Amino acid sequence: MPFTLSHAAAVLPAVRRTGRARGPLVASALVLGSFAPDTFYFADAVVSGVMGYGTFTHSLPGVLTADAALTAALVACWLLLREPLIALLPAGWRGRVHAFVRGEHWRGRRLLPLALWFYLSAVAGSLTHVVWDSFTHLDRWGTQLLPDLGEPLAFGLPLYSYLQYGSSAVAAVALVWFTATALRRLPPAPAPASVPVLTRAEVRGALALVTVCVAAGVTMRVVRFFTFFDRIDSPLDIIPTVCFGAGGGLAVALLLYGALVRLRHRHRHRRDHDQDQDQDSNGHDGRDARTPVPTA
């Protein structure tokens, strides 16, 4: 799939518009599990040579092992990034979006059953990815099972290429529709204190960081592309390279941004807490509460 995010559309039937999964499933594991098999394709923009591991992550043994572990790592990254990303939204949207992506509170669930359902959710999400790719990519078991998918159509492109890009676009529209309708159903609410308030300089810095990292990721992947191929026969040849390069650069930028915002927000929270304690010890008005010396 040229657009890995589109894979999340396959797990939408298992996710409610409240942001929670149906039954005991775990929504974050379902969604991020549907991305997990492509992780090494994006990582190759930063660490050259790891793309080869994508063959294993797109196999059944990989779904049951590596993809589940990658899903757990992606969920950890998501928990780091969630509030910092919401902080970039307009103030009126932050509370509603946070309520949607916050999902279920895990603290009320027992650890072992939660871990089991997390694993099963991750496997289910990754399995939808692998099955989908199998019918939209060359030399996969799906295209081998249905050889007619390889028949050339307009512009000499095989049917599976049209399925690959067409299903990506349809799935992206489905994700936008699902998200928009889910947010419309939620009542307006203030953002919780866990969502940091950014200055304009911090927002501009975040956008600059994303721009630089995405440009660097795309450049690295395109340069590497031309070390193996001397020309582009079709725009479809370069689109996956650009997407994976941009995605890898974006991932680096967001992780840096999320870590910096978390650290800065924690420092501000600690400073405000210390100031509150000083005010409590000196009086509610924050001034020295000792008895003044008479001046005659």
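Which residue pairs have Cβ atoms closer than 7 Å, lie 6 or more positions apart in sequence or on different chains, and pair a first residue in the range 178-199 that is closer than 10 Å to residue 95 by Cα with a second residue that is in a loop (DSSP other than H, G, I, E, B)?
Close Cβ pairs satisfying both conditions: 195/87.
Going by what's in this entry, would residue 264 be described as surrounded by fewer than 16 Cβ atoms within 10 Å (Cβ to Cβ), under 23 Å from residue 79 (Cβ atoms) and out of contact with any Asp or Glu (no Cβ under 6 Å at 6 or more places or on another chain)?
yes
Mind checking which residues of the range 7-51 are part of a helix (DSSP H, G or I), under 20 Å from residue 103 (Cα atoms) and among the hydroxyl-bearing types (Ser, Thr, Tyr)?
28
For the range 184-196, give me each residue that is buried (at least 16 other Cβ atoms within 10 Å of the Cβ) and within 14 Å of residue 102 (Cβ to Cβ).
Correct list: 186, 191, 195.
Any idea how many residues of the range 151-160 are under 32 Å from the mean Cα position of the chain (by Cα) and surrounded by fewer than 16 Cβ atoms within 10 Å (Cβ to Cβ)?
Residues that pass the stated criteria total 1.
In the set 99, 14, 68, 9, which member is in contact with a Lys or Arg (Cβ under 6 Å, 6 or more places away or on another chain), more than 21 Å from residue 217 (Cα to Cα) and touching a residue at least 12 places away in the same chain (Cβ under 8 Å)?
Result of the check over 99, 14, 68, 9: 14.
Mind listing just one residue for me: the one in the range 200-217 that is in contact (Cβ under 8 Å) with a residue 40 or more places away in the chain and surrounded by 15 or more Cβ atoms within 10 Å (Cβ to Cβ) and, of those, farthest from residue 137 (Cα to Cα)?
202
Search the range 81-94 for residues that are in contact (Cβ under 8 Å) with a residue 24 or more places away in the chain and under 11 Å from residue 191 (Cβ atoms) and pair each with any residue that is among the basic types (Lys, Arg) and surrounded by fewer than 18 Cβ atoms within 10 Å (Cβ to Cβ) when their beta-carbon atoms are under 9 Å apart and the residues are at least 6 apart or on different chains.
83/262
Helices (runs of 4 or more DSSP H) wholly in the range 111-222 with at least 1 residues that are within 21 Å of residue 237 (Cα to Cα) and among the aromatic types (Phe, Trp, Tyr) - which ones?
Output list reads 111-134, 159-185.
Give the residue, chosen from 195, 176, that is in contact with a helix residue (DSSP H, G or I) (Cβ under 9 Å, 6 or more places away or on another chain) and not charged (D, E, K, R).
195
Whether any residue in the range 107-114 is at pLDDT below 95 and touching a helix residue (DSSP H, G or I) at 6+ places or on another chain (Cβ under 7 Å) is what I want to check.
Checking the range 107-114: at least one residue is at pLDDT below 95 and touching a helix residue (DSSP H, G or I) at 6+ places or on another chain (Cβ under 7 Å).
Across the range 78-95, what is the number of residues that are surrounded by 15 or more Cβ atoms within 10 Å (Cβ to Cβ) and part of a helix (DSSP H, G or I)?
10
For the range 213-230, what are the residues that are among the β-branched types (Val, Ile, Thr) and closer than 14 Å to residue 255 by Cα?
Passing the criteria: only 214.
The values are calculated or read from the model by the stated rules, or taken from the named source; none is laboratory data. Everything quoted here is computed from the prediction, not taken from an experiment. So basically every Cβ, Gly included, is an ideal-geometry build from the backbone, and we count neighbours across all protein chains shown.
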